[in-house]
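The values are calculated or read from the model by the stated rules, or taken from the named source; none is laboratory data. All values reported here derive from a predicted model rather than from experimental measurement. Positions of Cβ are generated from backbone atoms using ideal geometry, with glycine treated the same way; all protein chains shown enter the neighbour counts.
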Amino acid sequence: MLHRMTPILRLTFISAFLLCCVSTSAALPGVIAGPFVNPANGHTYFLLESATWTDSEASAVAMGGHLVTINDAAENQWVFDTFGTFGDIDRALWIGLTDATHENRFQWASGAPFNYANWSRLEPNNSGGADYEEDYVYIIQRHSPNPDLVPGEWNDVPDDGRAVPAALYGVVEIGTDVRPLPPRVKCPWWTHPSTVRPGRFVGKNK
């Protein structure tokens with residue numbers, strides 16, 4: 001059936017399916033908004049509900065992607081402009097960068113090479129000490145009360161984002177090929193994104 005659809009209808013179909021399936025998984029954050037297509041690379045992006053980095057990444061994987069990989073300054077700006085104040089809310093944004101596996105060796109969850117960084121001044125660090133591991137990276141929200149943290153730049157924090165004075169929201173990136181969801185996740189094909197989470201605005205930045 002999918003091969004008979006126009007590209008726009010196919011994307012709408014897949015997006016509705018993904019939104020429903022992720023939102024019905026009780027343990028993982030659901031989707032607030034999407035899809036958004038970055039014209040520079042053709043990839044599709046979604047904004048998740050506030051959650052830990054690991055739960056956000058798990059949702060991204062279930063959708064066939066990962067938390068966003070930032071390859072250059074233009075993509076960083078596009079992600080920040082698209083999601084940083086979505087719904088007129090200042091949002092700190094989880095990206096797919098972590099050094100949880102090897103301290104001080106940051107890697108993208110997607111497996112992409114780490115060729116671009118946009119650290120804020122004095123970052124990355126483990127500012128809380130030895131028992132306060134800052135292994136997960138986010139894009140700093142607008143109106144940060146810390147003058148050393150510049151909005152749009154990066155900071156590393158623990159998985160739960162403690163000490164960040166704003167909620168943290170994952171940004172999912174899905175490439176040109178959408179991977180099938182696990183068979184345990186079922187969703188009726190006719191479900192429309194607007195029915196997934198009443199009161200949420202989906203796919204429209206307003």
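Contact list please: Cβ distance under 7 Å, first residue in the stretch 54-69 and in contact (Cβ under 8 Å) with a residue 60 or more places away in the chain and within 16 Å of Pro113 (Cα to Cα), second residue surrounded by fewer than 24 Cβ atoms within 10 Å (Cβ to Cβ) and of a type in the set (Ser, Thr, Tyr), pairs at least six apart or on different chains.
Close Cβ pairs (under 7 Å, with a partner that is surrounded by fewer than 24 Cβ atoms within 10 Å (Cβ to Cβ) and of a type in the set (Ser, Thr, Tyr)) amount to His66/Ser110; Val68/Tyr45; Thr69/Ser110.
Inspect all residues belonging to the stretch 122-135 and state whether any of them is over 19 Å from Ala163 (Cα atoms) and surrounded by fewer than 16 Cβ atoms within 10 Å (Cβ to Cβ).
No - not one qualifying residue is present in the stretch 122-135.
Considering only the stretch 7-22, I want to know if a residue exists there that is surrounded by fewer than 16 Cβ atoms within 10 Å (Cβ to Cβ), of a type in the set (Phe, Trp, Tyr) and modelled with pLDDT under 95.
Within the stretch 7-22, one or more residues are surrounded by fewer than 16 Cβ atoms within 10 Å (Cβ to Cβ), of a type in the set (Phe, Trp, Tyr) and modelled with pLDDT under 95.
In the stretch 33-47, how many are in a strand (DSSP E or B) and either more than 11 Å from Tyr169 (Cβ to Cβ) or touching an Asp or Glu at 6+ places or on another chain (Cβ under 9 Å) (or both)?
The total comes to 7.
For the structure I just gave you, tell me whether Ser144 is more than 21 Å from Gly175 (Cα to Cα) and of a type outside the set (A, V, I, L, M).
The answer is yes for Ser144.
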